[in-house]
Amino acid sequence: MELLPLKNGLVRHVRRSPAFVAAGGEFSPEAFATLLRDRPTRCFVARDGATPAGYLELAVEGERYRSAAPDMRNIGGTDLLPDSRGRGLYQNLLQTVVTTVRAEGVRRIGVDFEATNPPALRFRTRSFAVYLHSCARRIDDPG
């Protein structure tokens, strides 16, 4: 449950951005435990001392685009505490993930992100090669 504040931080971030992802509400401890149990993912944690400062959730399938390649994994969620940003923690976490899954035969890691999320856009395009652009139009409910 030490990852719950980080997962809920991601939910709050996505709700604030003009994202197309339906963020929903924050997770209760029970709902988060169910999510982790029912979804085939792995969570990697970056620590600042003993405190979890960030996490990266790695899944077999992508968020929006199914990847059937057996040697590919997809980032399904990630967050870093605001006080921990800009110190290389997330880059180190990503490198740990790459090293770990490479030893297991994984050759590619993908990530879906929204270009309307400026921090994700800056970081992801430094760490990943863009291979797909897609467009959508958000039609807000007037009520």
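The values are calculated or read from the model by the stated rules, or taken from the named source; none is laboratory data. Please read these numbers as outputs of a predicted model, since none were measured by experiment. Here Cβ is always computed from backbone atoms with ideal geometry, including for glycine, and neighbour counts include all displayed protein chains. Heavy atoms of the whole protein, side chains included, go into the accessibility calculation; ligands, DNA and RNA do not. Shrake-Rupley method; radii C 1.70, N 1.55, O 1.52, S 1.80 Å.
A few comments on the model shown:
- Of the residues making up the stretch 43-60, none is open to solvent by 80 Å² or more (accessible area, probe 1.4 Å), within 26 Å of M1 (Cβ to Cβ) and under 15 Å from the mean Cα position of the chain (by Cα).
- Among (1) among the aliphatic types (A, V, I, L, M); (2) at pLDDT 90 or above; (3) in a loop (DSSP other than H, G, I, E, B) - the single one A23 does not satisfy: (2)
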